[in-house]
Structure formats: structure tokens, C-alpha cells
Amino acid sequence: MPKSKAARACLAAPYVFKTRECRVYGWGPLRACNFPDGLTVITRSRFRRGRRLRTFWVLDPGSSLVYEAAYVAILSAVGEELDALGYHRIHALAFRRAGVAAVLPLPSRGGKSSIASLMIDDPETQLYSDEIPLLKKGRLYPFPVRIALFPDVARKLGLEVSTTRRFPRRIYPEKILFPIPQSRVAPAAPLGRLFYPAGTSFFAVRFVFNVVFGLGTPQMAQYMLRIDNFPRLARIAFSRFWTAVSIIARKTECRPVRLTGSVSQDKASLDRFSEPPASEPDSRHERRP
């Protein structure tokens, strides 16, 4: 897009808010994100033949961060559409083992991606996502974006880093990306287990906040979210809240897991707690000495 056209689009749209990364303009169908180095991402929403379409333009003045800007913008727009359909992201590691779908919410740098990278090579485990799985009415759905690891972490895990794609970021350290093979992606299934770090207080409240406010996910940076459509936003907020509360109300099995910071040990703990409980022996057929 020509620089003059991008500048006019930003000036024509009213200022909305400012984040650590950019200034955001546009209350209506036009949304513009202006970054400090001149990089600009613009999207326009419109209806055509009964369908809502979005068009994206990127003004790149030679910035090495265009990939991150485009990724966040598109993921933000996709997230809104998923929310409108009832599929809500949660900042967590989600996997399936022994036929049971499980979720482990963890903060940034909590080890989710490192554990997921080991699970890829485990034939007994499948992944929904290492970062933002989808929840809808008590069911888990896969959202297998690439696993992003710091280079030093990937080397410690024995992963090949020379041929992988690098992901430079504006205010965070660079990461490298590893795809999740299609054969390792878990199918949709009811959420069977909800893990949480041992010692966490008010876990149920934290879980609801995680789903409703998207703590740590791109929901916190919805640069493309149309905040002028208040009925749509209200429906999304209520759907997120009801999804989280219904999972707790169903008394989904919650298990504390003690994390040590060692990736292999933490994965072994999750594997152990994910196994179904051993069946009790039938005393009627028990042999007596």
C-alpha cells in the first residue's frame, strides 16, 4: 500500500487506544495500527453477499518485524470470528493422552511450549495446542499454531535450529518456530481433566478469568476487534464466561501437578497424572494364602 494512502487512512480514523507496540485508530469498519518504525497494518470489514469479509493491507518500510505485525493482526481477527462462533481461546497447554483431553493453564515462560515439544515425539500423546487451544461447550478443539521456542531452549532439548524459521519480535526476544505434524494433532473431545500448578490459590477463579479475558493470549491484544459493535462484544463476553463457568460447574476433574522447572520431569508428571486410575481388584476372586 502506498505510504500516502496509509497515512490518510490513519488520519481519517479516530484514535482509539495505545498499546506497548502500536497506536490503534478506527471505531468502525476501518482499523489501522501504526507502529513506531513506520510499519502500518490496516484492515477494512465489509459485508458481501451476506458474508462479512476483511481485507488487510500492510505498509512495510523495510522493517524486519512485518511478519509479527501481520501474524498478530490476522490472528486477532480470526480470534474474533472464532469467539463469535463460540470457540474461545485459553492460554494453556492442551493435550490428549490415554483417551482423555486435558488442559494445563500456565503463564508466559511457564514451560508450555517446551513440554509440548517433547510430547510431539511421544506416540501416546497428541496435542491440541501449546499456547491457545479452543474451548466450546466443554469440548476441546485443536488450534495447532507453530510451537515457538527460545533458541537456547530448543538447543537444550536437542532440536535442530539451523533450518527452522525465526520469529523476530518487537518487544520480546526472538523465537524459532516448529510446526506440529498433522498426525500429532488431537481430535476434538470433551475436556476430561483440568490440571493446575500445585499451590495455586483460587484456581477456579483464575481459570474463569483466563477464559473470559484471555490472559496471555492474543485476546489481550485484539488490535482488530471492532469495539463499536457493543451487542456483538456482549455476546462474546457472555459466551466466554458461560464456557468457563460450565466447565467448573460440571465438576470436571481437577488435579494439581507439581512442576519442577525440568521439562522432562514435568512431562513425566503430566503423563503419570494423565493415566486412568488403576482398577481395584475384585475381592470376591482374591486368592487367600
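A short reminder: the numbers here are calculations on the coordinates, not readings from a lab. The structure displayed is predicted, hence computed values, not measured ones. Positions of Cβ are generated from backbone atoms using ideal geometry, with glycine treated the same way; all protein chains shown enter the neighbour counts.
Observations on the structure shown:
- Highest average packing first - 234-246, 155-167, 254-266, 116-128, Cβ atoms within 10 Å: 116-128, 234-246, 254-266, 155-167
- Charge tally in the Cβ shell below 14 Å around Ala69, where Lys, Arg are +1 and Asp, Glu are -1, Ala69 excluded: +1
- Helix axis angle, 203-213 relative to the chain longest principal axis, alpha carbon, degrees: 30
- Cα shape, the range 64-178, gyration tensor, a/c 1.5 rule: oblate
- Computed over neighbours whose Cβ is under 9 Å from that of Val211, the net charge equals +2, Lys and Arg +1, Asp and Glu -1.
- Loop-located trypsin sites (Lys or Arg not before Pro) in the range 94-130 whose Cβ has at most 14 other Cβ within 10 Å (DSSP): Arg109
- Label point at Val145 placed 7 Å out along Cα→Cβ; residues across the range 164-185 whose backbone nitrogen lies under 19 Å: 165-182, 185
- Per-peptide packing, taken as the mean over residues of other Cβ atoms within 10 Å, places 25-35, 183-193, 42-52 in the sequence 25-35, 183-193, 42-52 from highest down.
- Cα-based shape type of the range 97-152, given that a ≥ b ≥ c are square roots of the gyration tensor eigenvalues and the cut on a/c is 1.5: oblate
- With R₀ fixed at 41 Å, the C-beta to C-beta distance from Asp121 to Arg23 puts the FRET efficiency at about 0.40.
- Full extension of the chain segment joining Val185 with Leu157 gains 8.0 nm, where the gain is 0.36 nm per residue of separation less the Cα-Cα distance.
- Note on Ser246 and Leu177: with the Förster distance fixed at 41 Å, the Cβ-Cβ geometry gives a FRET efficiency of about 0.75.
- Separation of the range 119-137 from the range 195-215 is 19 Å, based on Cα centroids.
- Once the Cα atoms are used to define both axes, helix 230-249 deviates from the longest principal axis of the chain by about 10 degrees.
- Quarter of Cα convex hull surface for the chain, i.e. mean projection, nm²: 20.2
- Of Lys175/Lys251; Lys136/Lys156; Lys136/Lys175; Lys136/Lys251; Lys18/Lys156; Lys112/Lys156, pairs whose Cα-Cα distance is over 26 Å: Lys175/Lys251; Lys136/Lys156; Lys136/Lys175; Lys18/Lys156
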